[in-house]
Amino acid sequence: MATWSCMNVAPKYCSVQKRPLIVPRQPTTLGLSSAFKPILRAIPQIPLQIDASKTLTHIKTKFLNAVVDSAFEFVDQLVLPSQSNFAPVEELEEAMSITNIEGHIPDHFPEGVYIRNGSNPRFGGLKSCKSMFGRTNSVWVEGEGMLHGLYFKRQNEGCCTIVYNKRYVETETYKLEKQSTKPLFLPAVKGDSLAVLCSMLLNGLRFGKLNKDYSNTNVFEHSGKFYSVSENHMPQEIDVFTLDTLKYWDVNGAWNRPFTSHPKKVPDTGELVIFGVDATKPYLEIGIVSADGKELIRKEDIKLERCSLCHDIGITSRYIAILDFPLIVDSNRLFRRGPLIKYDKEKYSRIGIMPLYGDANSIQWFEVEPNTTFHIINSFEEGHEVVLWGCRALDSIIPGPEGGLNESKLFSRCYEWRLNMKSGEVKEKYLTEPEQFMDFPVINASFTGIKNRYGYTQVVDPTASYAADIPKYGALAKLYFEETCSEVPAGDTQEEEPIRVEYHKFESNVFCSGSAFVPKEGGLEEDDGWIITYIHNEDTGISQVHIIDTKKFSGEAVAKITMPCRVPYGFHGAFMPISF
């Protein structure tokens, strides 16, 4: 690993031994955008001499750019006052030392970096596009990925030095637009059907891909290497010390399709279970990467009959849990003037349990109630049952409700599925009370795939979310899976008692994102550790990082680290132990 040599030198700059930048291969047409690959292939190709080819390619590019410039107009999407902290920020030119800390960094808090990924659109914010074909809009989860990293380094006397940095994830499409003074890619997910079709085709003809590679959703580690990822393309390896983008990761050429934002490590073996969703067959493939990250030891087509927009996967020591829920990507709907992505509650909903090294024929499918579940809290085996805990909603916030975010069915509640591998029986129930809306779960990663006692989530603030038309999270929750709630209202008719939930509440108009669990060095119990999270105060405009003791969860944060600049709300975060 690179060495960080100056944590205790310059107050505002950290010099890092930089690794050489590896130039990625040319981009390929991957991801949900591949729905239109058959159309692109159908466009006649004229055989050309090499010299003439370059000339005609240049002419074609100029012609297509002229078409876009004359027929399409980019406009800024409306930003409400309640959406101000979703607006993008600039990169830092230099890493910055942080000294404004209320409280103290706990003695057994490990060295490492807390990284959070999120959407940070270039050119001032998300864009819409107007044309004679109609209008297309960028979806709220779109926008180039930006990594926010907070580094914790122990000094000899035990004190902790903290440094902050932020960098764009430089995908190939980011590099294309970095050279431009205006947007290049037309929004191509949501909007008028004909306009979406035309935008996809023009993006494909101009750039060889129908939408941008955002890499804005999550960060993960495997075999000592670190990656930024989102569903629509392969991960980018990053230098964890500088946040520089190094190269695409295709598992030594063996993986050539989209890649999940939530890969899972197999208990005991350390192998990495991955999957990729595509808009054309094969709709879902699952892979297993060796523990050393060098080999794709298994790749299986699950042989789904539709493209279910699956965001997460379950893992146990013997099984993989596959979510085939009715949030469906279907490019044929565009030709019928319908949306590209739609939640269809009338369609079937099922969970497949596949042996770890099985195939499509070995999957046991269980029909469940229709729902949208983006995040699994954990999964494990108990007797003949495979148990899944997840954050389940009755509709989908992606690509975004047409009438605005105004119904509670769009918010997730904690839920349990018990799937009996012997009898085929399904038992499912809510774990929490009706108004306890939660998402973005995390656990102690040592318990992934085995039964755990605790989980942690971000808690939806419905009022603030309705006002912003985007989910906001005004508290954190600790879930006690083995304890029931002692405060069930009198006369409650629920068949099952809800589990105990403990809250860590923020002040009014303070919201969090990217929460992660940090295990205590030498900790003996599952909940020995801290939740670390970015928060933003919308009244003062101040962003902070809070560290909360999970043993004293409802109490005051043990440390509040004031950031030198605004940190927008984002998606997933992770704490990576590293050695300096």
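The values are calculated or read from the model by the stated rules, or taken from the named source; none is laboratory data. Keep in mind it's a predicted model, so treat the numbers as computed, not measured. Positions of Cβ are generated from backbone atoms using ideal geometry, with glycine treated the same way; all protein chains shown enter the neighbour counts. Heads up: the accessible areas ignore ligands, DNA and RNA and are worked out on the full protein's heavy atoms, side chains in. Shrake-Rupley method; radii C 1.70, N 1.55, O 1.52, S 1.80 Å.
Accessible area ranking (1.4 Å probe, heavy atoms, ligands and nucleic acids excluded), largest first, for TYR168, TYR283: TYR283, TYR168. With 26 Å as the limit, write out which pairs from LYS265/LYS342; LYS281/LYS409; LYS422/LYS451 have Cα-Cα distances beyond it, or answer none. Going by Cα-Cα distance, LYS265/LYS342; LYS281/LYS409 fall outside the 26 Å limit.
Given R₀ = 35 Å, what would the calculated FRET efficiency be for ASP268 paired with SER554, taking r from the Cβ atoms and rounding to 0.05? Rounded to the nearest 0.05, the efficiency is 0.50. Simple rule: put +1 on each Lys or Arg Cβ and -1 on each Asp or Glu Cβ in region 162-239, find the dipole, and look at LEU184, ILE162, GLY208; the Cα lying farthest toward the positive end is LEU184. Using Cβ point charges alone (K and R +1, D and E -1), the dipole size of region 212-268 about the Cα centre works out to roughly 140 debye. What region 331-381 shows is 47 Å² of accessible area per residue, with the surface traced by a 1.4 Å probe over protein heavy atoms. Farthest toward the positive end of the dipole of region 247-290, out of GLY270, PRO258, PRO282, is the Cα of PRO258, where the dipole comes from beta carbon charges about the Cα centre. For the chain, a crude dipole built from +1 on the beta carbon of Lys and Arg and -1 on the beta carbon of Asp and Glu, taken about the Cα centre, is about 2420 debye to the nearest 20.
For region 258-301, the solvent-accessible area with a 1.4 angstrom probe is 35 square angstrom per residue.
Excluding ligands, DNA and RNA, the accessible surface per residue across region 185-257 is 24 Å² with a 1.4 Å probe.
When Rg and the Kirkwood radius Rh are both evaluated on Cα atoms of the chain, their ratio Rg/Rh stands at 0.95.
The calculated FRET efficiency for the pair GLU526 and THR181, based on their C-beta separation and a Förster distance of 56 Å, comes to about 0.60. Taking the Cα centre of the chain as the origin and placing charges on Cβ (Lys, Arg +1; Asp, Glu -1), which of GLY125, VAL141, GLY570 is farthest toward the positive end of the dipole? Checking the options against the dipole of the chain, the answer is GLY125.
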